[in-house]
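Scroll down for the structure; my scribbles are underneath it.
The values are calculated or read from the model by the stated rules, or taken from the named source; none is laboratory data. Everything quoted here is computed from the prediction, not taken from an experiment. Here Cβ is always computed from backbone atoms with ideal geometry, including for glycine, and neighbour counts include all displayed protein chains. Protein only, heavy atoms only, side chains kept; ligands, DNA and RNA dropped before computing areas. Shrake-Rupley method; radii C 1.70, N 1.55, O 1.52, S 1.80 Å.
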Amino acid sequence: MMKNILTVLMLFFVLTLEAQEPTPYLPDFEFQKLDSTSFKRTDLDSTKNTLIIFFDATCGHCKDAMIKVNKNYEKLYNTNVVLVSLDVEKSIHMFLTEFGPKFWNNSKVTILHDGKYEFVPLFNPKRYPSLYLYSPKRDLLVYANNDDKMEEIFKLIDTANHNQKKSASK
């Protein structure tokens, strides 16, 4: 009961933050992996772009976004992929199994639980889902909280992949 009340309050808090801007750089953070080990910003590969997806397992827009990201999974081979949720592992598992099966139980994807409710004040999301694409220098390239910028995210990822292939062939 208390968890449900906290989740509703947190969602209300997120939805009331419409005027705030997403953090323009990748902030220092520490969340928990599903095996309860700590994961920090410094654990990311600093030579790659980083895609962070903040989602709620019961959110319809999150389901639609995850289906689209799942369809584009192959493009993410040179990107740190981090999924962050306030949900418990069982809900995350059910959500990803149905809407993002390429992400569940994938060693190239980091799934994090925000049990201390720190994501919102650190990243300033406007709503669920929130997708952040950061450069290797940790600058925000694109923020999306709906479908209209998802194409832009994947175009930037494609460009980064193409540039890396060009550099590697020289």
The chain, Gaussian network, Cα under 10 Å: of N106, N146, N49, the residue fluctuating most is N106
Backbone HN-Hα couplings from phi across the range 104-120 [Karplus 6.51/-1.76/1.60, Hz, Gly and Pro as x] | 6, 6, 10, 5, 8, 10, 9, 10, 10, 10, 9, x, 9, 6, 9, 4, 4
Of M94, N78, P27, which is farthest along the charge dipole of the chain in the positive direction, counting Lys and Arg as +1 and Asp and Glu as -1 at C-beta?
-> N78
Before anything else, pin down the relative contact order of the range 119-166: Cα pairs under 8 Å, at least 6 apart, normalised by residue count, whole percent.
-> 24 percent
Which order do H61, H93, H113 take by accessible area at a 1.4 Å probe, largest first?
-> H61, H93, H113
Computed over the range 38-170: relative contact order in percent, which uses C-alpha pairs under 8 Å that are six or more apart = 31 percent
Nearest-20 debye value, the chain charge dipole, Cβ charges on Lys, Arg, Asp, Glu = 560 debye
Set K68/K137; K40/K116; K68/K108; K63/K149, cut-off 20 Å on Cα-Cα distance; pairs above it are K68/K137
What accessible area, in Å² to the nearest ten, does a 1.4 Å probe give for E98?
-> 130 Å²
Candidates T50, T110, T58; GNM for the chain (alpha-carbon contacts under 10 Å) flags as most fluctuating T58
Among (1) 9.6; (2) 11.2; (3) 12.7, the value of mean projected area of the Cα convex hull in nm² computed for this structure carries the label (1)
Tally Lys and Arg at +1 and Asp and Glu at -1 over the other residues with C-beta under 13 Å from the C-beta of D43: what net charge comes out?
-> +1
With at most 16 other Cβ atoms within 10 Å, longest stretch of the chain clear of loop chymotrypsin sites (Phe, Trp or Tyr not before Pro) (DSSP) | 1-76
Karplus 3J(HN,Hα) series, Hz, for the range 91-99 with 6.51 cos²θ - 1.76 cosθ + 1.60 (x for Gly, Pro) = 5, 4, 4, 4, 4, 5, 4, 7, 10
Any residue on another chain or 5+ positions along whose placed amide H is under 5 Å from the amide H of V142 is listed here as L133
